[in-house]
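To keep things clear, I will list the structure first and then write my remarks on it.
The values are calculated or read from the model by the stated rules, or taken from the named source; none is laboratory data. This structure is a prediction, so every number in the text was calculated from the model and none was measured. Cβ placement follows ideal geometry from the backbone for every residue including glycine, while neighbour counts extend to all protein chains displayed.
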Ligand code: GLU
């Protein structure tokens, strides 16, 4: 495959663990094997949870492990304008509406409903703010905080059936409706994970997205956003998650398995790579 561009896109909310290293290696090896480019992107839109010290640790730990990247590191927090431009396109297409609901109000509404539809992340947003009259929208927007949601039914009707190629598995039919009216800009952040990741993968020319299969469900939404924003669709490889000897996936809570701790315990990069291969 010519011009392979892959990326590793961690959120700096903690130290990298073996699972991250596994994921980074898959992207890095795919790029290096093809003579392509491997990019590092820091997904730090959540300013409350992300820390600069973890950004520094990510670059240091990857370097220690022997993983290098091409070009400058892209930090999402420096590119809110790009995400807002994409959002404007969707607003112009009348696919976005403001949502004033608090989490508690959404929960209460779902609890009171006879049958609340569920998606991969739990009960779907019940659509409370979808049909608000325009005048109510305007006055509430001037005095209340709000998120921006995608009108999923309208969006899906516009694009028609979509699919993407999952490496080794063939074409997957996208089913974004099962996620409901997803949030594309949060009350406290002018974008969301789904929007920022879709825009960045396109802007950075990523041709192969390698990431954990826990994000497989999100790919349905990303495919829809690509169609709505007229962006190219990369090849996806949502890979298996690295698990420990008991079959439990490595997560941030497994503190002993951060790269930092393994290094402090005297493990060499080669030993850590061997642990990853064995996992
Ligand atoms: N930032 C996401 C994470 O840390 C990964 C996003 C992606 O690879 O699409 O889990």
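Being part of a helix (DSSP H, G or I) and either more than 14 Å from the ligand (Cβ to nearest atom) or under 26 Å from residue 75 (Cα atoms) (or both): is that true of residue 224 here?
yes
Being outside any helix (DSSP H, G or I), more than 14 Å from the ligand (Cβ to nearest atom) and touching a residue at least 40 places away in the same chain (Cβ under 8 Å) is the filter here, so list the residues in segment 6-46 that pass it.
Residue satisfying the conditions is 36 alone.
Give 218, 202 a once-over and let me know the one that is in a helix (DSSP H, G or I), at pLDDT 95 or above and within 10 Å of the ligand (Cβ to nearest atom).
218
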